[in-house]
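Down below is the structure, laid out as structure tokens.
Readers should treat all values here as calculations from the given coordinates under stated rules, not as data from a laboratory. Just so you know, these numbers come straight off a predicted model, no measurement behind them. Cβ placement follows ideal geometry from the backbone for every residue including glycine, while neighbour counts extend to all protein chains displayed.
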Amino acid sequence: MPLPQSLAFVRGQLFRCQVMAIALAFPSPGGVAAQHGTALTAMRPALEAALQSDPKFLHVIDRYGPQRPLNVIGRGKPAKLSGVVPEGFIVQTLDGGTQIIQFNEIWRIRLAFASDEPAGAAVVDFANNRIFVAANVDELVKLGQKPLSLAKFTSPSGSVVYLSSNKVTDIFAALPGLHNPESKTVVGTRDGMQQVKEPLDAANQIVTSARSAQ
């Protein structure tokens, strides 16, 4: 595998590289390296080369890796959509408070699907936050299409997911053994990443078209 040359590669390989960093620092029979088998062995030369060429490589991994939302709002009881202003969606939370979900912070909108998510709710990921909204995803997309320049993709599960094309920073091919078997492409933003079924060329075109339609 060639030496990683871009931040896109670093982001895309975050999990495997972190595993490899541990394996390089603490090699042990039957340990991390053994548990990850062939994929780890194949990527080891790339990480070794990266570490030798740039001592700051691991700091880049830590900085740009995908993170779980720090704040999750409305999991128990989704917020209610009460309006929209030029700045974003207006929602009412469980405690009766009003909050504006800023358009310039939203990077993904999708339908809730996980077992611990409220069924039928729309999930809005913005910055490092997530909020569940008692609203139809199509309704949110219609209201936010223009300010967000939304790009429509298909997640590995087959469900539709919308990404703000203005937030997209990286688009690269999914790798067997690292990403979901159903994924063909990974679309990255500064706040998170989304695996999609669309091929790489199609994903690039979708983002380009969404930006052009703004």
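Please tell me which of these pairs span more than 22 angstrom C-alpha to C-alpha: 152/184; 152/197; 146/197; 146/167; 167/197?
Violating the 22 Å limit, Cα to Cα: 146/197.
Taking amide H positions as placed in the peptide plane 1.01 Å from N, state which residues far from residue 184 in sequence (5 or more) or on other chains have amide H under 5 Å from it.
Those lying under 5 Å, H to H, from residue 184 are 196, 197, 198.
Bins of 5 Å, beginning at zero and ending with the bin holding the largest distance: percent of Cα pairs per bin for region 66-147, please.
Computed distribution, short to long bins: 3, 16, 30, 29, 17, 5, 0.
If packing is taken as the average number of other Cβ atoms within 10 Å across a peptide's residues, how do 181-189, 162-170, 82-90 rank, most packed first?
Listed from highest to lowest mean packing, they are 162-170, 181-189, 82-90.
What is the gain in length, in nm to one decimal, between residue 115 and residue 190 on full extension, counting 0.36 nm per residue of separation less the C-alpha to C-alpha distance?
Result for the pair: 24.3 nm of gain on full extension.
³J(HN,Hα) across region 174-179 via Karplus (A = 6.51, B = -1.76, C = 1.60, θ = phi - 60°), whole Hz, x for Gly/Pro?
Result, ordered by residue: 5, 10, x, x, 10, 9 Hz.
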